[in-house]
1. Of all the residues that make up the range 236-252, how many are within 16 Å of ligand 2 (Cβ to nearest atom) and free of Cβ contacts under 8 Å to residues at least 60 places away in the same chain?
2. Going residue by residue through the range 60-76, is there one that turns out to be within 16 Å of ligand 1 (Cβ to nearest atom), crowded, with 17+ Cβ neighbours inside 10 Å and part of a loop (DSSP other than H, G, I, E, B)?
3. Check off (1) under 26 Å from LEU59 (Cα atoms); (2) hydroxyl-bearing (Ser, Thr, Tyr); (3) more than 24 Å from the chain's Cα centre (by Cα) for THR287 and give me the number that stays unchecked.
4. Which pairs have Cβ atoms under 7 Å, sit 6 or more apart or on different chains, and link a residue in the range 85-109 that is closer than 12 Å to ILE34 by Cα to one that is of a type in the set (D, E, K, R)?
5. Starting from residues that are part of a strand (DSSP E or B) and more than 12 Å from THR235 (Cβ to Cβ), keep the ones in the range 261-280 and report whichever is farthest from ligand 1 (Cβ to nearest atom).
6. Could you say which residue among ALA140, ALA174, ALA120 is over 30 Å from ILE289 (Cα atoms), more than 13 Å from ligand 2 (Cβ to nearest atom) and in contact (Cβ under 8 Å) with a residue 60 or more places away in the chain?
7. Tell me whether the range 215-226 contains one or more residues that are near ligand 1 (Cβ under 8 Å from one of its atoms), within 15 Å of the chain's Cα centre (by Cα) and either β-branched (Val, Ile, Thr) or over 18 Å from THR179 (Cα atoms) (or both).
8. Scanning the range 228-260 for residues that are of a type in the set (A, V, I, L, M, F, W, C) and assigned to a helix (DSSP H, G or I), which turns out nearest to ligand 1 (Cβ to nearest atom)?
Amino acid sequence: METFDWKNMPFGYTMTDYNIRCYYRNGQWGEVEISSSEFINMHMAATCLHYGQEAFEGLKAFRGKDNRIRIFRWKNNAMRMQDSALGIKMAVVPDELFKKAVFTAVKLNEKFVPPYGTGATLYIRPLLIGTGAEVGVKPASEYMFMVFVTPVGPYFREGFKPVDIMVCRSFDRAAPLGTGCYKVGGNYAASLASLDLAHREGFSTALYLDPKEKKYIDEAGPANFFAIRGNTYITPASKSILPSITNMCLEQLCRDMGLTVERRPVAFDELPTFDEVGACGTAAVITPIRKIVDPDTHQIYEYCCDGKPGKVSTMLYNKLISIQNGDEPDIHGWVELVD
Ligand code: PLP
Ligand code: COI
């Protein structure tokens, strides 16, 4: 196994040995190819460069106490990439191709899967881009699908510690009927200015409101938002947020624990009524939120009064990572071993 300072890994890129590539030409996908180059060669008129024809995914592989490697919910990522592809008119990557590319990339880079108990994981990044040359605004006829992996630590440097976030009204990351529900690069480009502003003001991320009325909560940077009120888990239903796979897991875990789950529009005005709030995602895992600061009204919403994550968030976090690491039975069939 590689030796890194596993306990202090940033959420950043570290070179690994191999990546996977596959090309879509003449209406069909070719064979999966293995590469050890970090670079790709493409036409300067490729549609991904000019018209944003690109979609990506993010999933993780975990090393268990038994030293075996588990990949978490790959099928949901495959399905979401198919939705993204259809949403911006790209060739669709079938489940089998997605699985083969992901599992081969992990297997070939086995030594980069961080050791059990370090908090670090292997982040898997599938990427689909339009490579065909076009100058008119239209979908490409050629595509490239790639998968690279890289060992990472938690997205928010604090790990499972509460963070402060800032309400963002001066930017939208997605339009009401736009592409916010797809994992496409344009949404992330649209979020950079607001994230930069939040970081410069000393916050971990920006809290986006619904782009139409600014009345409802949408997302917390690159993660979904959830709140706990009494025995209820509440999370926004919105057409402009990414359907988070982590959030789906938390909803299921809440039902398993006997909590009520509400997925519905969540009014910004409800913030003072919540006991706990947090952000969730593959990279963010569960990140408890300590303070939400509204720079326009100077209102501050505080949670975790003793500086510690709330009870329900802690329970959910422990349960989720135990399943991912293989410490608890995987009753929902979320993990698949890499052999
Ligand atoms: N929202 C956005 C905008 C994201 O980029 C992500 C990350 O993938 C999420 C939410 C969380 O989704 P998931 O739990 O599937 O990683
Ligand atoms: C993820 O959670 O996998 C993400 O894609 C978030 C991000 C780093 C864009």
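1. 2
2. yes
3. Failed condition: (3).
4. Going by the 7 Å Cβ cut-off, the qualifying pairs are LEU108/ASP17; ASN109/ASP17.
5. The residue in question is ALA267.
6. Working: ALA174 fails: over 30 Å from ILE289 (Cα atoms); ALA120 fails: over 30 Å from ILE289 (Cα atoms).
Unique residue meeting the criteria: ALA140.
7. No, that holds for no residue.
8. Just the residues of the range 228-260 that are of a type in the set (A, V, I, L, M, F, W, C), to begin with: 228, 234, 237, 241-242, 245, 248-250, 253-254, 257, 259.
After this cut, where a residue has to be assigned to a helix (DSSP H, G or I) as well, the list is 245, 248-250, 253-254.
Numbers: ILE245: 3, MET248: 8, CYS249: 8, LEU250: 9, LEU253: 13, CYS254: 15 Å.
Per the stated criteria, the residue is ILE245.
No value in this document is a laboratory result; all are computed from the given coordinates. In this text, all values refer to a predicted model and were calculated from it rather than measured experimentally. Cβ atoms come from the backbone with ideal geometry, glycine included; neighbour counts cover every protein chain shown.
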